[in-house]
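The values are calculated or read from the model by the stated rules, or taken from the named source; none is laboratory data. Predicted, not measured: the structure shown is a model, and the values here were computed from it. Cβ placement follows ideal geometry from the backbone for every residue including glycine, while neighbour counts extend to all protein chains displayed. These accessible areas exclude ligands, DNA and RNA; they are computed on the full protein's heavy atoms, side chains included. Shrake-Rupley method; radii C 1.70, N 1.55, O 1.52, S 1.80 Å.
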Number of protein chains: 4
Amino acid sequence: MVGKRSLTSLHLESLLDKTDIDSIAKQLEPKHEPPVKPYFPNSKVNAHRTNKLWKAIGTAPHPDILDPWTGAHFEHFDGNIENFIGTTKIPLGIAGPLRVNGLFAQGDYPLPLATSEAALVASYHRGACMISAAGGCTSMVVYQALNRAPAFAFDSMRTAGKFVAWAMESFETFQQLANSTTSHGKLVDVGTTLEGNHVYLNFEFTTGDASGQNMVTIATQAVCDFIQKECPVPIRQLYVEGNLSGDKKASSQAYTTTRGRKVTAEVVLTPEILEKYVRATPRQLIDYWRMSAIGGVLSGTMGVHGHFANGLAALYIATGQDAACVAEPGIMVGTVGGGTGLPSQKACLQLMGLQGSSNSGALAEVCAGLLLGGELSIIAALATGDFTRAHHKLAR
Amino acid sequence: MVGKRSLTSLHLESLLDKTDIDSIAKQLEPKHEPPVKPYFPNSKVNAHRTNKLWKAIGTAPHPDILDPWTGAHFEHFDGNIENFIGTTKIPLGIAGPLRVNGLFAQGDYPLPLATSEAALVASYHRGACMISAAGGCTSMVVYQALNRAPAFAFDSMRTAGKFVAWAMESFETFQQLANSTTSHGKLVDVGTTLEGNHVYLNFEFTTGDASGQNMVTIATQAVCDFIQKECPVPIRQLYVEGNLSGDKKASSQAYTTTRGRKVTAEVVLTPEILEKYVRATPRQLIDYWRMSAIGGVLSGTMGVHGHFANGLAALYIATGQDAACVAEPGIMVGTVGGGTGLPSQKACLQLMGLQGSSNSGALAEVCAGLLLGGELSIIAALATGDFTRAHHKLAR
Amino acid sequence: MVGKRSLTSLHLESLLDKTDIDSIAKQLEPKHEPPVKPYFPNSKVNAHRTNKLWKAIGTAPHPDILDPWTGAHFEHFDGNIENFIGTTKIPLGIAGPLRVNGLFAQGDYPLPLATSEAALVASYHRGACMISAAGGCTSMVVYQALNRAPAFAFDSMRTAGKFVAWAMESFETFQQLANSTTSHGKLVDVGTTLEGNHVYLNFEFTTGDASGQNMVTIATQAVCDFIQKECPVPIRQLYVEGNLSGDKKASSQAYTTTRGRKVTAEVVLTPEILEKYVRATPRQLIDYWRMSAIGGVLSGTMGVHGHFANGLAALYIATGQDAACVAEPGIMVGTVGGGTGLPSQKACLQLMGLQGSSNSGALAEVCAGLLLGGELSIIAALATGDFTRAHHKLAR
Amino acid sequence: MVGKRSLTSLHLESLLDKTDIDSIAKQLEPKHEPPVKPYFPNSKVNAHRTNKLWKAIGTAPHPDILDPWTGAHFEHFDGNIENFIGTTKIPLGIAGPLRVNGLFAQGDYPLPLATSEAALVASYHRGACMISAAGGCTSMVVYQALNRAPAFAFDSMRTAGKFVAWAMESFETFQQLANSTTSHGKLVDVGTTLEGNHVYLNFEFTTGDASGQNMVTIATQAVCDFIQKECPVPIRQLYVEGNLSGDKKASSQAYTTTRGRKVTAEVVLTPEILEKYVRATPRQLIDYWRMSAIGGVLSGTMGVHGHFANGLAALYIATGQDAACVAEPGIMVGTVGGGTGLPSQKACLQLMGLQGSSNSGALAEVCAGLLLGGELSIIAALATGDFTRAHHKLAR
């Protein structure tokens, strides 16, 4: 028994061990009886509705989910969630401070990180401290963009082509319409993909201090409504998003262009600092970097890095960003809107001095510095053999 | 002024608007004065150390971060975090129940979703209810694996080749050593990449009911320690991970093989159910699916889907999984270890009836059903034009 | 013995079967004795130098390589090859004619295809005939671009940033310099990637009727020479290409933007035509398309298609294009320059009525129609089971 | 006018310059009159049929396509092409000799390269000579595999699951059937992808000395015929290839596993050799390598390299390989079958001493050495500024 087939067979055997294949198939069938009773959907957050939901679940409100603090803050969650039953508490650690010398960020920032993974905060902490000891990192937002990609189907490629010509001519009108829906966002460009009789328009926006996903949806809808009404050629299908924008996904388009903010960061380290903070030599880091860069390439990652997702997820959760954006290649942060106004999240942004408008550029630059520190820390850990020791010790 | 260059120039102008380029360069320089004082690292969680950290931050403990419930549960967070200062509260909504007919999951599951994104729970809720109305989804774990990829450098490719031959012969020993470090994990296979004088061994494990990242690190370290000691050829460099495993990253290797659990799910919907739950016709869904599948391909995503990351992030956070794994292509869930023992997270697993050992297969199958529901819901929303309306209404 | 490891072991055993591992290692060692005598490099093509090369090879000129026709055409190959010893003869088949209704292509085109793969011409032929029977395909060049990406290293990110600001300001000068080196190419845009202290400028050109790789290199060199001389900040390293352009490679950047020409093509087929030309029903094609589209996605191809490379390689070789560009995602064709002036290649372009200037747009549109026919043909063959039969019959 | 939209508009204007949009749309319409007369398909190669084809094209046989040598070798092309009208002559240059110290390749190999791109042979030549001067390269086939991926649709996922269980049990039978169709190929493994009610079986073969695409198709068809007849569950659709194999495509699956041969090569160069052959220092090569490796990563290529496709295309064409395989990530070479028996191609294999059976491993190792030489040469050219100069001088 050779090859991957043998492992598939082992997996099957472990299943069939318990029972025969027909019973398994039976188990997998749709079951209409008894009918399922859905929870009644609740978009408004208040004590009454939450209690109704717990009743529907069939159990008393769990005190670790609906704790006193949460019970005292119902109205703060309204507009951020539906079918609210309480809160999930994520341990919050503080790393740093991280000194950032940026276009927007200037100074020493505490780094709030929400995670349940042992060793994560410790790893980012030592990275951040090392950077700060070196005078801080230079960090620079080099581009900002967010896109929505409405899609259109026509009777033929010829009509689709006419549509593209009209859409290009109408771009200033599109801009006026889009910009009229938001005081912070601006429609700045459009990419065009003609695929047979289908057209995808890739609208590119700036979004001010918001992360902006809802903003660009609403702005794009306004343009689509106009197109629906005024387009000189008949449209068969129109969708506000044709799944080409890369929203919530690792797309190579977003990697080679930008979704959110593209930030680059740099620090100059001396051998002494390396030795002091991560017990490594420059040569060890360089050797491991080359090995790991090729490892990343060989496994086919988008970009080459060690563990961006760890720092991103922890900072996103702590500061009220959309955690699903951890899947995207860009840095997607805002300091207004979304979850940034929730109590503990807002408190973290305040700790950093980055709550409210005019702060999203700085937050993105701090985020890049955080990731730089995390990379330096994991590279050193793997280069020197500390990696397993740290996980062994901290994940008790 | 044409092309992308014009947008880059606008970005630059907006920066230079405020100041001149030399002042900006000055701003970006390392700054050694005054020196930064790092927080003293704390791996133990208790009131005393938390208070010291707040003092170091320079402010009183924030009541939305260090609330009474959190203050009463210090010991619960020990081993999951360092530099603990409190908790982040994520709103928790409940969707479903979702009926799942799986190899492991059998029955109707409430779906706890932690998110700050309006409309997310509502969208997954209607998807789940629709699936349940159809008798539930069939959901099936088809493979399980987790890998660690230690890397080795030699003086030449010839020596590297000898090492590979020895490693293949020694595999049973590697298995014994690896398996001796864990009662739940098993080393089941090894892939080999010979790249000049570098070798990556891609160890594949099963991890029982744990998500398993630490488990496979420790097991691999045991093998590496043995290799370090017993290898008959001289090793220049040895790393427990050469960045080839795909850990915390979207890698195409993980997409075409498996990290975590590979699950496939299916539901058969009637036109009546579609009309009732999402006000769409089968034709509308099919048309949009084709448009959006090509959209995904054109933007270069790994796999084609709408918004897996939304459901994954929300379920991962609610049930104590590693949120950074949202970046990976596989379903990475456990029901023991990591954050699954934290109070509110454990409570969510209990709500689902999936807390503790022997439940991770079922959790993965429920997760796949959740994502299926989310895809059906967003496809319907985009196909019928509900998408913007829902976001407009729910994100107030 | 389980998993991939077992296949690696089998591979190793088959090697060790013949000999032991130390002998193999010996075999793999560098061998300095006797020294190798390189052929003397010859960039000029003529009989004398070719004969010298055959003498150096140590054998008489092979009559199937240096045949009479080749021997009579030495001067025709000068400037397209070095170390010339004769020609490789690739069988040439003719498919079509293909009717193309394009922006540039208008009419019925014979399709010369050079290949040694049985069934390839037959497959493209039936596809082309089917398209022609349907009134031809609509085919449309939607964009044209070719890029070169010079790269620069600086002492710090700050200096790199200053360089970018200067480069953006200097773009009109860059355009003048670049455009002065060519009467056909134009520098139209520049993308900027700032990566720490490294900068990649991605120059985008139009290239007229040439494929243009040399043209953009020379134009970019002129800009680089200017940068070298005039740049106000010190440059550590300067390269005319930093491997970011995607030249001769499948890069996702080129897939989501354009290298060469982006062309889209469409044909409307009736059930009768399908039945007559490929014995398939629309349902069969649609079913297979869905299965194969997902197959492509699951295996992680850039874009989803069946066998573009077959048609591209055969047409590129027949018409004197750069065959290495089969590796790129775009259509890279020219009707002047490169191999398009070689005798048999020029003859093929003449057959098509597309030799010489003003024809490259039409050639690209014909190429897209060819690929469309090839896709229809292979989809039908796989959907109906003809695929193996055809290969069995034609590859005798 | 900003952004990419401005370039799209310029493109549109250049089209509309000549005419109005309705005339263009007219031009793009299907045109049924006059009907196109297809060439009568000819799978047999002989003078009579070739003449008929030239008549159908409507012109006398072109002497550069149907030259005397070609006219004297009709029967040699039979079975490699359909609709034969002559041959395309590709200039053939000779590089090297290249010393290869491999598992299979041992000795000094002339490198025949068929190309129309100036500077290509010169570049590979200097790379090969440099390697030879260093005692040759170590080159090692580390894996060999070719796959075909038949696909199956069922009424439900449950039935699909039963099919997978049956297929795993029946694997030995599949092997017998597959192996009975070929004396050289062997079915060695199978991967399984269950996607809802669809199943892809990824059959992995070894193919002996043939490149093997037809061999694996025929073997897989035999298995499919058996499945069609004997499968205990009803099959809705069955295809011999579900587009998951990666055939003729750059797929990430093929990059992280193997299609064809996976070969790794190494050479140790002294500063003296570098200086003598490419006028570069080690530091220059290392600096450029890092810059270009990151450039490759940033543009999203599969793997990181400079111009593999150049060497592959030239060697493939010269030695009768399938030129379309330049699009694949692996080395796809054979020394029997396909185009390897054509006169000039066979002559090249004979020159190398690698014609006929038992030579494909050696050919793959020489190929890897060729690519290594090409990478060293282009890296040096770009690192020292020779790149443009060489192209300027040689592409006259």
Residue list for segment D:344-354, restricted to those being in contact with a helix residue (DSSP H, G or I) (Cβ under 6 Å, 6 or more places away or on another chain) and either open to solvent by 10 Å² or more (accessible area, probe 1.4 Å) or more than 10 Å from chain C (Cβ to nearest Cβ) (or both): D:L349, D:L354
Residue check, D:T138 within 22 Å of the chain's Cα centre (by Cα) and at the interface with chain C (Cβ under 7 Å from one of its Cβ atoms): no
The one condition in (1) touching a residue at least 40 places away in the same chain (Cβ under 8 Å); (2) charged (D, E, K, R); (3) closer than 27 Å to C:N214 by Cα that D:R389 fails to fulfil: (1)
C:D64 vs. criteria of a type in the set (D, E) and touching a residue at least 12 places away in the same chain (Cβ under 8 Å): yes
Top-ranked residue in segment D:243-255 [being among the aliphatic types (A, V, I, L, M) and facing another protein chain (nearest Cβ under 7 Å); ranked as surrounded by the most Cβ atoms within 10 Å (Cβ to Cβ)]: D:L244
Any hit, segment D:262-273, residues being over 30 Å from C:I294 (Cα atoms), facing chain C (nearest Cβ under 9 Å) and part of a loop (DSSP other than H, G, I, E, B): yes
Identity of the residue in segment C:44-89, hydrophobic (A, V, I, L, M, F, W, C) and in contact with a Lys or Arg (Cβ under 8 Å, 6 or more places away or on another chain), that ends up nearest to D:F77 (Cα to Cα): C:W69
Subset tally (residues that are open to solvent by 10 Å² or more (accessible area, probe 1.4 Å) and not small (G, A, S)) for segment C:62-89: 12
Index of the failed condition, B:L111 passing every other in (1) in contact (Cβ under 8 Å) with a residue 60 or more places away in the chain; (2) open to solvent by 10 Å² or more (accessible area, probe 1.4 Å): (2)
Test result for B:A323, among the hydrophobic types (A, V, I, L, M, F, W, C) and touching a Lys or Arg at 6+ places or on another chain (Cβ under 8 Å): no
Residues (away from chain A (no Cβ under 13 Å), out of contact with any Gly (no Cβ under 7 Å at 6 or more places or on another chain) and open to solvent by less than 10 Å² (accessible area, probe 1.4 Å)) located in segment C:151-166: C:F152
Residues within segment A:274-307 that are buried (at least 22 other Cβ atoms within 10 Å of the Cβ), assigned to a helix (DSSP H, G or I), hydrophobic (A, V, I, L, M, F, W, C) and within 8 Å of another protein chain (Cβ to nearest Cβ), tallied: 4
Single residue of segment C:1-38 satisfying the filter (open to solvent by 40 Å² or more (accessible area, probe 1.4 Å) and small (G, A, S)) that is modelled with the highest pLDDT: C:S23
Residues located in segment D:1-45, provided they are of a type in the set (V, I, T), more than 10 Å from chain C (Cβ to nearest Cβ) and part of a helix (DSSP H, G or I): D:I21
Extreme residue, modelled with the lowest pLDDT, among residues of segment C:362-396 that are small (G, A, S) and surrounded by fewer than 23 Cβ atoms within 10 Å (Cβ to Cβ): C:A395
Subset of segment B:200-242 (residues that are of a type in the set (S, T, N, Q), facing chain A (nearest Cβ under 9 Å) and under 28 Å from C:A25 (Cβ atoms)): B:N202, B:T220, B:Q237
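Residue by residue, here is whether (1) touching a helix residue (DSSP H, G or I) at 6+ places or on another chain (Cβ under 8 Å); (2) closer than 21 Å to A:S132 by Cα holds:
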residue: A:V268; (1), (2): no, yes
residue: A:K276; (1), (2): yes, yes
residue: A:P282; (1), (2): yes, yes
residue: A:A293; (1), (2): yes, no
residue: A:G300; (1), (2): yes, no
residue: A:A313; (1), (2): yes, no
residue: A:D322; (1), (2): yes, no
residue: A:V326; (1), (2): yes, no
Filter result for A:A118 (in a helix (DSSP H, G or I) and facing chain B (nearest Cβ under 7 Å)): no
Criterion (small (G, A, S), over 28 Å from the mean Cα position of the chain (by Cα) and within 30 Å of A:P61 (Cα to Cα)) met by exactly one of B:G102, B:G93, B:G71: B:G71
Matching residues in segment C:63-103 - criterion: being part of a loop (DSSP other than H, G, I, E, B), touching a helix residue (DSSP H, G or I) at 6+ places or on another chain (Cβ under 7 Å) and within 7 Å of chain D (Cβ to nearest Cβ): C:D64, C:I65, C:D67, C:N80, C:E82, C:N83, C:L103
Top-ranked residue in segment D:46-60 [being open to solvent by 60 Å² or more (accessible area, probe 1.4 Å) and more than 10 Å from chain C (Cβ to nearest Cβ); ranked as farthest from C:D108 (Cα to Cα)]: D:H48
Selection within segment D:318-341 - open to solvent by 10 Å² or more (accessible area, probe 1.4 Å) and either of a type in the set (A, V, I, L, M) or facing another protein chain (nearest Cβ under 7 Å) (or both): D:D322, D:A323, D:A327, D:I331, D:V336, D:G338
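Residue by residue, here is whether (1) within 23 Å of D:R236 (Cβ to Cβ); (2) surrounded by fewer than 20 Cβ atoms within 10 Å (Cβ to Cβ) holds:
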residue	(1), (2)
D:S170	yes, yes
D:A178	no, no
D:S183	no, yes
D:L201	yes, no
D:A210	no, no
Count of residues meeting criterion [surrounded by fewer than 24 Cβ atoms within 10 Å (Cβ to Cβ) and either touching a helix residue (DSSP H, G or I) at 6+ places or on another chain (Cβ under 6 Å) or part of a helix (DSSP H, G or I) (or both)] in segment D:131-140: 2
Selection count where residues are surrounded by fewer than 18 Cβ atoms within 10 Å (Cβ to Cβ) and β-branched (V, I, T), scope segment C:260-272: 2
